[in-house]
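This report refers to the structure that appears directly beneath it.
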């Protein structure tokens, strides 16, 4: 009897340790795969286009810039195309994609809702209104920082409005959240239309850029303008991982476990507005990245934010680099707007997710 009674006690830790080891290796495998995929996508984005460049030449060029080789460039034209056109676009795609991916993951954790995303609930549209206002009023002439600051204010106001409307008691209602996002997007669309009506032809073309989304204006200057804002938001996001995991248990439980829910809510909203502003300020409205990427990562790894946030950053960067590559090559020499392309992919995914969520909750009523 003693031996039989002792067996469960000796086997349980082994199962727990084995499960933890399996989860650890799965996380390492996922992150490694995303990093490898991102590297391949960046190389492909540098190689493909109207002026094709061999991967070996790209590697040699990068080696020269890093001081790993002293060999002279064999093709100055290829060198100029890489470092003045394609690499700024690739780096900007990584920054924008990572910002949108992490922003979506944070919003979904904060609202405890897989339908939350900066584009769907109007945060991107609010940031676009801020950027368009800077263009029409002439604030953009002060530099890219002014446009980014205006986009940040617009995104922050939109996020606070959506949260205030969707909040009921101690929970955030799913239907109200989506409807509030629709309302914010409608108001933002009307505001942008009015700004375009009041602007000059040059300003109309500039504002139209924000509605369609594109990385076509990428320069190293644009990267330098928004990178500090994006890096600050991305570096801050992992700090919320444990608190968002506890929040998933419910606000009363999270509060009893030491989470200051009101403070967490405010900080997450500010960080999401910061990340969205960084993306919109240089790429315009690029929808559904923050919806698709965190949800797919969550299906593969589970809801834990400690892995979800960095994986969403890598996944968002990978998705946007690939999407931009397709946008500029699928209809060459024309370029498909990036926001249109992501909406074509993300729209059907949103319908599927909407139906799936409704079935899980037994209807919206």
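The values are calculated or read from the model by the stated rules, or taken from the named source; none is laboratory data. On a predicted model such as this, the values are computed, not experimentally measured, just so you know. Cβ coordinates were reconstructed from backbone atoms using ideal geometry, including for glycine residues, and neighbour counts include every protein chain displayed.
Screening residue 34 against (1) within 20 Å of residue 97 (Cα to Cα); (2) over 19 Å from the mean Cα position of the chain (by Cα); (3) surrounded by 18 or more Cβ atoms within 10 Å (Cβ to Cβ) leaves a single unmet condition, (2). The residues in the range 135-149 that are surrounded by 24 or more Cβ atoms within 10 Å (Cβ to Cβ) and either without any contact (Cβ under 8 Å) to a residue 24 or more places away in the chain or within 18 Å of the chain's Cα centre (by Cα) (or both) can be counted, and the count is 1. Among the residues of the range 327-346 satisfying the criterion of being at pLDDT 85 or above and out of contact with any helix residue (DSSP H, G or I) (no Cβ under 7 Å at 6 or more places or on another chain), which is surrounded by the most Cβ atoms within 10 Å (Cβ to Cβ)? The extreme case among them is 328.
Just to be sure, is residue 340 farther than 18 Å from residue 115 by Cα and either touching a strand residue (DSSP E or B) at 6+ places or on another chain (Cβ under 7 Å) or part of a helix (DSSP H, G or I) (or both)? Even if it seems obvious, please write down each step before you answer.
Details: farther than 18 Å from residue 115 by Cα: yes; either touching a strand residue (DSSP E or B) at 6+ places or on another chain (Cβ under 7 Å) or part of a helix (DSSP H, G or I) (or both): yes.
Answer is yes for this residue.
May I ask you to say which residue of 202, 190, 186 is exposed (fewer than 15 other Cβ atoms within 10 Å of the Cβ), free of Cβ contacts under 8 Å to residues at least 60 places away in the same chain and within 23 Å of the chain's Cα centre (by Cα)? Only one candidate qualifies: 186. Restricting attention to the range 288-322, the residues that are farther than 23 Å from residue 26 by Cα and surrounded by 24 or more Cβ atoms within 10 Å (Cβ to Cβ) total 4.
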